[in-house]
Amino acid sequence: MVLGIVMGTIVSTRKCSNLVGYKLLLIAPYYGDTSQIFVAADTLGAGIDELVLITTDNTTQYALEKSAPIDAVVVGIVDAPPQK
């Protein structure tokens, strides 16, 4: 799992039919190299600048309602940042 910050959204006029209904977010890792931004699907309604918990790799299919070609999914919105 990855802790990340929502940097923005991706707008797509055409996408795989299994991705319809998922919002696509740009995520920057909270720890490590913050320039390594990636895309994650979201069904929870996370917004820009929110801290989120992301699952990656083959575990994403457990978090989705239907199978989709995505390798990162928002599985939680964090209420308070961890103490550094």
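Structure summary
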| read-out | value |
| --- | --- |
| Every residue from the stretch 36-58 that is closer than 18 Å to Val78 by Cβ and in a strand (DSSP E or B) | Phe38, Ala40, Ala41, Asp42, Leu51, Val52, Leu53, Ile54, Thr55, Thr56 |
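Every residue, every condition in (1) under 18 Å from Ile77 (Cβ atoms); (2) among the aliphatic types (A, V, I, L, M); (3) part of a helix (DSSP H, G or I), yes or no:
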site: Gly4; (1), (2), (3): yes, no, no
site: Thr9; (1), (2), (3): yes, no, no
site: Thr13; (1), (2), (3): no, no, no
site: Asn18; (1), (2), (3): no, no, yes
site: Leu24; (1), (2), (3): yes, yes, no
site: Ala28; (1), (2), (3): yes, yes, no
site: Tyr31; (1), (2), (3): yes, no, no
site: Thr34; (1), (2), (3): no, no, no
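Yes/no matrix, rows are residues, columns are (1) among the basic types (Lys, Arg); (2) crowded, with 17+ Cβ neighbours inside 10 Å; (3) at pLDDT 85 or above:
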{"residue": "Ile27", "(1), (2), (3)": "no, yes, yes"}
{"residue": "Asp33", "(1), (2), (3)": "no, no, no"}
{"residue": "Ile37", "(1), (2), (3)": "no, no, yes"}
{"residue": "Ala40", "(1), (2), (3)": "no, yes, yes"}
{"residue": "Gly47", "(1), (2), (3)": "no, no, yes"}
{"residue": "Tyr62", "(1), (2), (3)": "no, no, no"}
{"residue": "Val73", "(1), (2), (3)": "no, yes, yes"}
{"residue": "Pro81", "(1), (2), (3)": "no, no, no"}
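The values are calculated or read from the model by the stated rules, or taken from the named source; none is laboratory data. None of these values were measured; they are calculated from a predicted model. A quick note on method: Cβ atoms are made from the backbone with ideal geometry, for glycine too, and the neighbour counts reach across all protein chains shown.
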